[in-house]
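Peer 1: A single structure is presented below for examination.
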Amino acid sequence: RKGSKSLEAYSCNIDVFWDLSSAKFGSGPEALGGFYVGVVVDKEMVLLLGDMNKEAFKKTNASPSSLGAVFIAKKEHVFGKRVFATKAQLSADGKIHDLVIECDTSVTDPCLVVRVDGKTLLQVKRLKWKFRGNDTIVVNRMAVELLWDVHSWLF
């Protein structure tokens, strides 16, 4: 579907535009491509999601934000018992990475392993003591914060 919504707040004109009519989906609820969602404040694009940038700017007649855009976060909730694999863009360079999270609870000393593009970047041993935690990995010189909570998988 295509659409837009306009409103005014704090003396600013805010327009939200979207085009999901040609969005492509995988097995999950998140669109993989062929879409855009844009937020325009006073004719300046302040938020743009998706891969149809040209179409979004053409439709909105907005100018690009004067501030540099930064990818903020991606959050996934995983319900399973062993392996989760997905593709994710972890930085603004546009490269899509293969992300695999493996939690082996069948052994006497469970562990959690995070791989990006086949390379092990994080291994959490003694998971029964560290079932919740966070750590930072570096992908293409960009820090990526990982948080985990596997309590329900272990106990």
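Peer 1: Taking R0 as 30 Å, what FRET efficiency do you get between Lys54 and Leu7 from their Cβ-Cβ distance, rounded to the nearest 0.05?
Peer 2: After rounding, the FRET efficiency stands at 0.75.
Peer 1: Would you mind checking the stretch 38-62 for residues with the amide N under 17 Å from a putative spin-label position 7 Å along Cα→C-beta of Ser22?
Peer 2: 38, 49-60
Peer 1: Of all beta bridges DSSP finds with both residues in the stretch 2-64, what is the antiparallel percent, to the nearest 5?
Peer 2: 90 percent
Peer 1: So, one more: Rank Thr136, Thr86, Thr108 by mean-square fluctuation in a GNM of the chain with C-alpha springs under 10 angstrom and give only the top-ranked residue.
Peer 2: Residue with maximal mean-square fluctuation among Thr136, Thr86, Thr108: Thr108.
Peer 1: Lys pairs in the stretch 2-64, Cα-Cα under 15 Å, at least 8 apart or on separate chains: how many?
Peer 2: Taking the Cα cut-off of 15 Å, the pair count is 7.
Peer 1: Still on this structure: When the helices in the chain are scored as -39500 (n - 2.57) per DSSP H run of 4 or longer and the sum is shared across all residues, what 222 nm value do you end up with, to the nearest 500 deg cm²/dmol?
Peer 2: The per-residue figure over the chain is -1500 deg cm²/dmol.
Peer 1: Over the chain, what relative contact order in percent results from Cα pairs under 8 Å that are six or more residues apart?
Peer 2: The value is 10 percent.
Peer 1: Something else: Cross-link partners among aspartates and glutamates for Lys130, C-alpha distance below 17 Å, same-chain residues fewer than 8 apart left out?
Peer 2: By straight Cα distance, Lys130 reaches Glu102, Asp104, Asp109, Glu145, Asp149.
Peer 1: Next question, about the same structure. Please get the size of the charge dipole for the chain, origin at its Cα centre, with Cβ charges of +1 on Lys and Arg and -1 on Asp and Glu, quoted in debye to the nearest 20.
Peer 2: For this selection, approximately 340 debye.
Coordinate-derived values only; no laboratory data. Here the structure is a predicted model, which means the values were calculated and not measured. Cβ sites come from the backbone with ideal geometry, for glycine too, and all protein chains shown count toward neighbours.
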